[in-house]
Each structure stands twice: as C-alpha cells, then as structure tokens.
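Student: Below is the structure I would like to discuss, written out as structure tokens.
The values are calculated or read from the model by the stated rules, or taken from the named source; none is laboratory data. Nothing here was measured: the structure is a model prediction, and the numbers come from that model. Cβ: placed from backbone, ideal geometry, glycine included. Neighbour counts: every protein chain shown.
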Amino acid sequence: MEKEKNGFAFYAHIYKKILIQDLKSKMSYRADFIISTIGMLFTNVAGFITFWLIFQNFPQISGWTYHEMLFLYGFSMLALTPVQCFFDNNWNLSRAIHSGDFIKYCFRPINLFFYYMSEVFDIKGLGQFAFGIGTLAYSWNKLGLPLSFRNIAGLIIGVLSASLFMIALMNFASALHFWIVGATSVMILIFKFKDYARYPITIFNKFFQFVFSFIIPIGFMTYYPSLFILHQERISILTYLTPVFGIVFVYLSYLFWMKGARQYSGTGS
Amino acid sequence: MEPIIQMSHIDKTFKVLKRREGIKGSILDLFSREHTLLQAVNDVSLDIMPGEMVGYLGPNGAGKSTTIKMMTGVLEPTKGDILVNGRVPYENRTKNAQDIGVVFGQRTQLWWALPVIESFKILKDIYRIPDRVYKDNLEYYDELVGAGQLYHKAVREMSLGQRTLCDILAAFLHNPKVVFMDEPTIGLDVSMKSKIRTLVSNLNQSKGTTVILTTHDMGDVDALCKRIVIIDKGTVIYDNEIEHLRKYFGAYRTVKFKFKANRKDTKGMVAHEADEIRALLAYKFPEAETLQVTQEEQWVQLLINEEEARMMDVIHSVMEQKEIVDMNLQEISTEKVIQKIYEGGVL
Ligand SMILES: Nc1ncnc2c1ncn2[C@@H]1O[C@H](COP(=O)(O)OP(=O)(O)O)[C@@H](O)[C@H]1O
Ligand SMILES: [Mg+2]
C-alpha cells in the first residue's frame, strides 16, 4: 500500500502519529497538565465575568441583546479553537529562528510548514472548544433558534471558515520573524484583535467597520458568518464570501510563511 | 564511478544588515537598509565519491557549516554549480532530504518530549522506511552500541552524549546515501567520542554511506577519515590524504593524571608520584625512548609517542599501579594543525 507522498492521507497519518505521542507524553507530566488546565479555566471564566459585567450596565448594545452577544461570544470561541490547537507553534518561531534551531525543520523530506506546525498541539484549545459549545448551546436555546439542518450546516461551515482568518493572521504575523527582529510585538497586537471579534462590527464606527472587514478581517471571525443563523434578514454578501475569503487568505499566508522560511539562511555557527 | 557530490566554483555571499544605533537608528533602518557583503565561501570546488569519509576542517567562521547548508539544500549558492545525488539541492530540497541524513552537534532533531523509539517510528513513516530495513537497522544499532537501553528514554532526559548518539542513529535510519555531520562530537567526553567514532566507522563500512564530517578534534578525523579538506576564510587550502598531514599532528598524545592522595604534603607527593610513574613506564615500555613524565601543578603529565607505545596500553599500566581520581586526555585541535601547516609551508 504505497501512500502518495504529497497526499492528504500521508500527512494526516503523520500528524495523527505525532499527536498521539505528544498527548501521551503530556499526560505523563501530570502536574504540568493540571496547572495548564486550571490556567485555561481561569482565563475563560474571567472572560465571561467581564462580559457579564458589561451587560449589567447596558441591557443592549447597538440593538444587540445579551443572548445574541453571548451567541457571538460562543461562536468566536469555537472559531479560535483551531488556531490555538494546531498553529500554536507560531509563538515559538522567534526563538527557533534566533537560536538557529529552525534549521532542523529544513532537513526532512516533507512540507516545511506542516512539519513545523505539527510539532505542537496545544491541548488548552480543547477546553476553549468545550466552553464555546456550552455558551453557544445556552444562547441558542434562550434565543429559541430552530435546530434545523440549515442552521447546523451553517454553523459548522461558518465556524470552519471563520477559523481560517485567525490562522492566516497569525501565520502572516509570525512569518515577519523571518525578515525583522521584534516581530513578536506585531503578533501580540494581532492576537489582541481577536477579542474584538466577538462583538458585532456594527457597534464600531464606519472607519473601523471597513478596517475590520478588509484590512484586519476580524469581522469574518464571528460577525458575518453568524448572521447566517442569528439575523437572516441582515445577511450580507460577505457572509457567503466568508469561506472563499478564508481559503484564499490562509493560502496567501502559507505562501508568505514559506517564502520567509526559504530565504531564512540560519545564524552562523 | 560518478562523484556523489560535485561542487564547482561555489561562492556564498551573505548580505549583512548594518544596524544603526539607538531608537532613531532603528527607525532609519526601517526606511533605508545598508548592507555589507560577507563572503563566507569562496570558489570552493569538491568532488566526493560514494562511500568516502571526508573530514572537513577549518577554524571557527571558516565556512564549514555554510558549505554543508548548501549541500543539504538549505542555502542557495551565490555562484557556481552543485549536485548532490545528481540533483541541485536547493531546487529539490525535499527530494534531496530523502537521500541524506544530517547531524548538527548540540542541536537535536528528535522530538524533545518523546522516547527515542517513538521518534524513530515517526521517522519510519516520514521517510517511508520498509519494515524489514527498519527492523534490521534497530537490531544492528543495538548490536553496535547497545542502543536498546536508550530506546525508551525521552530525549529531554538524555545526556548530551546519549542525545548525539541517537541523532546519529536517526540520521542513518533511512539508509541515506550521504550523511552530513557538523561538529557531532563537540562537548562530549573521551569515552563518548570513542563510542561515536566506532559507530560512525561501522555504519560507513557496512552501509557504504558517504560521510562528510566537521570537527575541531583531530582525533575524530584521525580515527575516521582518509581524506581531509581544510577551509580557511572561505577558501579551500588543503585537499588530500590525511597521511600527508600526520607529521603535523603526529603520533604524540598528552594525558594527565591525578592520583588519590595519601599524604598531606601534596607538592612533594606529586613529584614523588611522577618519579614512580617514570620508573614504572621505563620498565614496562623500554622501547619508548621519548616518553616524558612531568609534573604539572597537581597533575602528572605524560607525553606519549604512539609509534613507540600505544596510549591505551600506557594508561592501563598506570591504572594497574595507582588509583586514579581524575584523568584528562588532551585533544589535538584542528586549529593547531592548520597553524602548523601554514608555518611548515606545505601549501
Ligand atoms: N546567516 C548568516 N548571515 C550572515 N553571515 C553568516 C550567516 N551564516 C554564516 N555567516 C558568516 O559566514 C562565515 C562562515 O560561517 P560558518 O559557515 O558558520 O563557519 P564555520 O561553520 O566554519 O564555523 C562566518 O563569518 C559567519 O559569521
Ligand atoms: Mg560551523
């Protein structure tokens, strides 16, 4: 049974293998595992408290009710899970480049980007996923949204497409390390933008609506795709374009990252 | 036979950014960048035949790693032609990677958190190593260096020596045609070095793998390589058999001992011990006429000509007679040899 080297099955198999081993070894360092789980719980709970406090003072924000906002919150948590789980190694790129360790990724006969990202699976993302599902289910119920095939399919496609935007942004930001020193601050800045993703972009002024749609496209991380379920009457063309834009954007970020990696020449040693 | 590696007139020039000072400087850097050119490799031509073990030597910053990076396809030469296994490495990096193995000393390529055997299993899939080959190699490794004991240990819990050993084993796992080793023995103790020399020499012979090795320890190349290439400031200054160089690092070895103290007066004692050792060795190795025993502060130092007496035999004789608390085997640095070459005017 000869597997095609560039084939999806080949890479899925390798990823699965690395992932299983990685999880096994993480479990064996139990203290580490427990502490990071607790940390993840606190971060999420703190996020909720802030959110709840805001709504103690404003029953509505620009016409959005508490439960609608909660829906967006849950949606954005789901959409941010893939970047957290599968692309977390972007955060280590700076260290790998400056220590010269990045070179080791260049010696394997497999795709460099894949190999680099496969090294880290951040299990904390799964906790976020669980919180997201819970929040979404609660608000879904409170809003009395129908559990139709249309809505479920819309949710799955919407979350998957929305997740591509944060992945792409983080790839772009981390790839800057290949050219400039101190790109970490850019990464942190971009990563902060994700917190705005959970608000409907209509609460921002026209200028920021434009920026968040076409410059730093966080509108696609929650707002546009969730309109499909939440406010059918407001669905915009951008809602339908979310998957297309997402795929194009991720692909561009991949090309940019690879271009950087290829011109990386290593530190002299 | 065709060479497996062909480099002709290879240059590599790095553009190094000139950074200006201070905040104002870094803002200026954003708009206009000034570069200086640094020529790391200068007109290097090399043909390496299949199965050869070549010692690639040179002082720090000579361009050794840069050359290896070009041969592995990580860097593109600025000028010149290069073929490895009949391919241009830079244009076929992933294809080239299938046929080569790489070891960078002190930089493991194994998965840090995983037991070695799990890393090997992942490599088996990545390189698509047939079951038979994989199994045979693991058995052979165990036979050669008792690798079986290490297989279930996580890489992060290993000593530098164990890690290097496993990295070398990993580099040979898919039976590559060429293995590049960049300073694999750096920071290792004498016994680990000797273990690694045995391993590499066996692997090269049994598999016919071509090996390119850089090191600062003349002992490594003496044990492994017939051919030596020396590069200095990016230019090849020597490419010939190691035999022609032997007079520059010769057969002399220096070894130092510290013995267990049984008297208070240490100063007089070391001198006394040196006398004892001198007498002992004169008796055991009568033909070793140039053997010198001297006192070096707290140490007793021996200068041995290996053509007269084998160093290991001498050490054994000393060990039988006295209790050793510390021992130090001085390596001959490649830098010293290169310096002598310049002085001796071989070039
Ligand atoms: N990525 C790089 N950028 C700029 N200069 C480099 C780079 N890599 C190596 N050099 C320079 O090139 C020269 C040769 O380096 P290298 O090949 O690492 O030497 P060696 O391995 O022989 O010690 C050195 O002067 C080094 O500073
Ligand atoms: Mg080097």
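Student: What do you reckon, is B:Phe120 under 18 Å from B:Leu150 (Cβ atoms), among the aromatic types (Phe, Trp, Tyr) and either within 16 Å of ligand 2 (Cβ to nearest atom) or more than 9 Å from chain A (Cβ to nearest Cβ) (or both)? Show your work before the answer.
Tutor: Numbers: under 18 Å from B:Leu150 (Cβ atoms): yes; among the aromatic types (Phe, Trp, Tyr): yes; either within 16 Å of ligand 2 (Cβ to nearest atom) or more than 9 Å from chain A (Cβ to nearest Cβ) (or both): yes.
Judged against the criteria, B:Phe120 is a match.
Student: Something else about it: Please work out which one of (1) under 23 Å from the mean Cα position of the chain (by Cα); (2) in a helix (DSSP H, G or I); (3) more than 14 Å from chain A (Cβ to nearest Cβ) is the condition B:Lys24 fails and give its number.
Tutor: It fails just one condition, (1).
Student: Something else now. I'd like to know if the range A:197-207 contains one or more residues that are without any contact (Cβ under 8 Å) to a residue 40 or more places away in the chain and surrounded by 14 or more Cβ atoms within 10 Å (Cβ to Cβ).
Tutor: yes
Student: Give me the residue from the range B:42-90 that is under 22 Å from B:Glu241 (Cα atoms) and acidic (Asp, Glu) and, out of that set, nearest to ligand 1 (Cβ to nearest atom).
Tutor: If we take residues in the range B:42-90 being under 22 Å from B:Glu241 (Cα atoms) and acidic (Asp, Glu), then B:Asp43 is nearest to ligand 1 (Cβ to nearest atom).
Student: Return the residues of the range A:95-110 that are in a helix (DSSP H, G or I), closer than 17 Å to B:Trp112 by Cβ and facing chain B (nearest Cβ under 7 Å); say none if nothing qualifies.
Tutor: Initially, the range A:95-110 is screened for residues in a helix (DSSP H, G or I), giving A:95-99, A:101-107.
Checking which are closer than 17 Å to B:Trp112 by Cβ leaves us with A:95-96, A:99, A:101-105, A:107.
Across the range A:95-110, the qualifying residues are A:Asp101, A:Ile103, A:Lys104, A:Phe107.
Student: Could you please find all residues in the range B:52-66 being part of a strand (DSSP E or B) and away from ligand 2 (no atom under 16 Å from the Cβ)? Even if it seems obvious, please write down each step before you answer.
Tutor: Residues of the range B:52-66 part of a strand (DSSP E or B): B:53-57.
Selection gives B:Met53 alone.
Student: I would also like to ask the following. Taking the criterion of being within 11 Å of another protein chain (Cβ to nearest Cβ), among the β-branched types (Val, Ile, Thr) and part of a loop (DSSP other than H, G, I, E, B), would at least one residue in the range B:128-149 satisfy it?
Tutor: Looking through the range B:128-149, none of the residues is within 11 Å of another protein chain (Cβ to nearest Cβ), among the β-branched types (Val, Ile, Thr) and part of a loop (DSSP other than H, G, I, E, B).
Student: A further question on this structure: Just one of A:Val244, A:Val250 is closer than 30 Å to A:Leu112 by Cβ, over 16 Å from the mean Cα position of the chain (by Cα) and away from ligand 2 (no atom under 16 Å from the Cβ); which is it? Talk me through it step by step, then tell me what you get.
Tutor: Details: A:Val250 fails: over 16 Å from the mean Cα position of the chain (by Cα).
Going through A:Val244, A:Val250 in turn, just one is closer than 30 Å to A:Leu112 by Cβ, over 16 Å from the mean Cα position of the chain (by Cα) and away from ligand 2 (no atom under 16 Å from the Cβ): A:Val244.
Condition check ((1) among the polar types (S, T, N, Q); (2) in contact with a Cys (Cβ under 6 Å, 6 or more places away or on another chain); (3) at pLDDT 90 or above) across all residues:
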| site | (1), (2), (3) |
| --- | --- |
| A:Arg198 | no, no, no |
| A:Asn205 | yes, no, no |
| A:Ile215 | no, no, no |
| A:Ser226 | yes, no, yes |
| A:Ser269 | yes, no, no |
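Student: Please note which helices (runs of 4 or more DSSP H) are completely contained in the range B:155-240 and include at least 3 residues that are touching a residue at least 40 places away in the same chain (Cβ under 8 Å), within 26 Å of B:Leu138 (Cβ to Cβ) and not basic (Lys, Arg). Explain how you work it out, then say what you get.
Tutor: Values: elements: B:160-172, B:190-207, B:218-224.
Result: B:160-172, B:190-207.
Student: If you don't mind, there's one more thing I want to ask. Would you mind finding the one in B:Glu331, B:Glu296, B:Glu343 that is loosely packed, with under 15 Cβ neighbours inside 10 Å and in contact (Cβ under 8 Å) with a residue 24 or more places away in the chain?
Tutor: Numbers: B:Glu331 fails: loosely packed, with under 15 Cβ neighbours inside 10 Å; B:Glu343 fails: in contact (Cβ under 8 Å) with a residue 24 or more places away in the chain.
Within the list B:Glu331, B:Glu296, B:Glu343, the selection yields B:Glu296.
Student: Test A:Leu255 against the criterion of being away from every other protein chain (no Cβ under 14 Å) and either buried (at least 17 other Cβ atoms within 10 Å of the Cβ) or among the hydroxyl-bearing types (Ser, Thr, Tyr) (or both), and give yes or no.
Tutor: The answer is no for A:Leu255.
Student: I need a count of the residues in the range B:172-206 that are touching a strand residue (DSSP E or B) at 6+ places or on another chain (Cβ under 9 Å), within 16 Å of ligand 2 (Cβ to nearest atom) and within 14 Å of another protein chain (Cβ to nearest Cβ).
Tutor: 6
Student: What do you reckon, is B:Arg20 out of contact with any helix residue (DSSP H, G or I) (no Cβ under 6 Å at 6 or more places or on another chain), in the same structural domain as B:Ala97 (by TED's automatic domain parsing) and over 27 Å from B:Asn96 (Cα atoms)? First the steps, then the outcome.
Tutor: Details: out of contact with any helix residue (DSSP H, G or I) (no Cβ under 6 Å at 6 or more places or on another chain): no; in the same structural domain as B:Ala97 (by TED's automatic domain parsing): yes; over 27 Å from B:Asn96 (Cα atoms): yes.
So B:Arg20 fails the test.
Student: Please tell me if A:Gly74 is surrounded by fewer than 18 Cβ atoms within 10 Å (Cβ to Cβ), touching a residue at least 60 places away in the same chain (Cβ under 8 Å) and either among the acidic types (Asp, Glu) or part of a helix (DSSP H, G or I) (or both). Steps first, answer last, please.
Tutor: Numbers: surrounded by fewer than 18 Cβ atoms within 10 Å (Cβ to Cβ): no; touching a residue at least 60 places away in the same chain (Cβ under 8 Å): yes; either among the acidic types (Asp, Glu) or part of a helix (DSSP H, G or I) (or both): yes.
Against the criterion (surrounded by fewer than 18 Cβ atoms within 10 Å (Cβ to Cβ), touching a residue at least 60 places away in the same chain (Cβ under 8 Å) and either among the acidic types (Asp, Glu) or part of a helix (DSSP H, G or I) (or both)), A:Gly74 does not qualify.
Student: On the basis of being within 14 Å of ligand 1 (Cβ to nearest atom), at pLDDT 95 or above and buried (at least 21 other Cβ atoms within 10 Å of the Cβ), does B:Thr214 make the cut?
Tutor: Numbers: within 14 Å of ligand 1 (Cβ to nearest atom): yes; at pLDDT 95 or above: yes; buried (at least 21 other Cβ atoms within 10 Å of the Cβ): yes.
When the stated conditions are applied, B:Thr214 passes them.
Student: Turning to a different aspect of this structure: Specify the residue that is farthest from B:Thr209 (Cα to Cα); the eligible residues are those in the range B:73-104 that are buried (at least 22 other Cβ atoms within 10 Å of the Cβ) and more than 9 Å from chain A (Cβ to nearest Cβ).
Tutor: Residue satisfying both the conditions and the ranking: B:Pro77.
Student: What's the total number of residues in the range B:51-72 that are within 11 Å of another protein chain (Cβ to nearest Cβ), out of contact with any helix residue (DSSP H, G or I) (no Cβ under 9 Å at 6 or more places or on another chain) and among the hydroxyl-bearing types (Ser, Thr, Tyr)?
Tutor: Residues in the range B:51-72 being within 11 Å of another protein chain (Cβ to nearest Cβ), out of contact with any helix residue (DSSP H, G or I) (no Cβ under 9 Å at 6 or more places or on another chain) and among the hydroxyl-bearing types (Ser, Thr, Tyr): 2 in total.
Student: If we scan the range B:42-51, do we find a residue that is free of Cβ contacts under 8 Å to residues at least 60 places away in the same chain, outside any strand (DSSP E or B) and within 29 Å of B:Ile341 (Cβ to Cβ)?
Tutor: Step one: filter the range B:42-51 for residues free of Cβ contacts under 8 Å to residues at least 60 places away in the same chain, giving B:47.
Going one step further and asking which of them are outside any strand (DSSP E or B), we end up with none.
Scanning the range B:42-51, I find no residue that is free of Cβ contacts under 8 Å to residues at least 60 places away in the same chain, outside any strand (DSSP E or B) and within 29 Å of B:Ile341 (Cβ to Cβ), so the answer is no.
Student: For the range B:15-51, name all the residues that are away from ligand 2 (no atom under 16 Å from the Cβ) and either among the hydroxyl-bearing types (Ser, Thr, Tyr) or buried (at least 20 other Cβ atoms within 10 Å of the Cβ) (or both).
Tutor: Within the range B:15-51, B:Ser26, B:Ser32, B:Thr36, B:Ser45, B:Leu46, B:Ile48 qualify.
Student: Which of (1) surrounded by 13 or more Cβ atoms within 10 Å (Cβ to Cβ); (2) within 11 Å of another protein chain (Cβ to nearest Cβ) does A:Met40 not meet, given it meets every other one?
Tutor: Condition not satisfied by A:Met40: (2).
Student: Also, quick follow-up: Which residue out of B:Leu110, B:Leu169 is surrounded by 20 or more Cβ atoms within 10 Å (Cβ to Cβ), more than 14 Å from every other protein chain (Cβ to nearest Cβ), under 30 Å from A:Gly7 (Cβ atoms) and in contact with a helix residue (DSSP H, G or I) (Cβ under 7 Å, 6 or more places away or on another chain)? Don't jump to the end; show me each part of the working.
Tutor: Values: B:Leu110 fails: more than 14 Å from every other protein chain (Cβ to nearest Cβ).
Answer to the check: B:Leu169.
Student: Within the range A:182-207, which residues are within 22 Å of A:Thr65 (Cβ to Cβ) and assigned to a helix (DSSP H, G or I)?
Tutor: Let us first name the residues in the range A:182-207 that are within 22 Å of A:Thr65 (Cβ to Cβ), namely A:195-205.
Once the filter is applied, which keeps residues that are within 22 Å of A:Thr65 (Cβ to Cβ) and assigned to a helix (DSSP H, G or I), the range A:182-207 yields A:Asp195, A:Tyr196, A:Ala197, A:Arg198, A:Ile201, A:Thr202, A:Ile203.
Student: Specify which of the listed residues (A:Tyr29, A:Tyr66, A:Tyr73, A:Tyr115) is out of contact with any Pro (no Cβ under 9 Å at 6 or more places or on another chain) and away from chain B (no Cβ under 12 Å). Spell out how you get there, then give the answer.
Tutor: Numbers: A:Tyr29 fails: away from chain B (no Cβ under 12 Å); A:Tyr66 fails: out of contact with any Pro (no Cβ under 9 Å at 6 or more places or on another chain); A:Tyr115 fails: away from chain B (no Cβ under 12 Å).
Being out of contact with any Pro (no Cβ under 9 Å at 6 or more places or on another chain) and away from chain B (no Cβ under 12 Å) holds for just one of A:Tyr29, A:Tyr66, A:Tyr73, A:Tyr115, which is A:Tyr73.
Student: Identify the residue in the range B:27-41 that is assigned to a strand (DSSP E or B) and facing chain A (nearest Cβ under 10 Å) and, among all such residues, is nearest to B:Gly63 (Cα to Cα).
Tutor: Filtering the range B:27-41 for residues assigned to a strand (DSSP E or B) gives B:34-41.
From what is left, the residues that are facing chain A (nearest Cβ under 10 Å) are B:38, B:40.
Values: B:Leu38: 11, B:Ala40: 5 Å.
Restricting to residues being assigned to a strand (DSSP E or B) and facing chain A (nearest Cβ under 10 Å), the top hit is B:Ala40.
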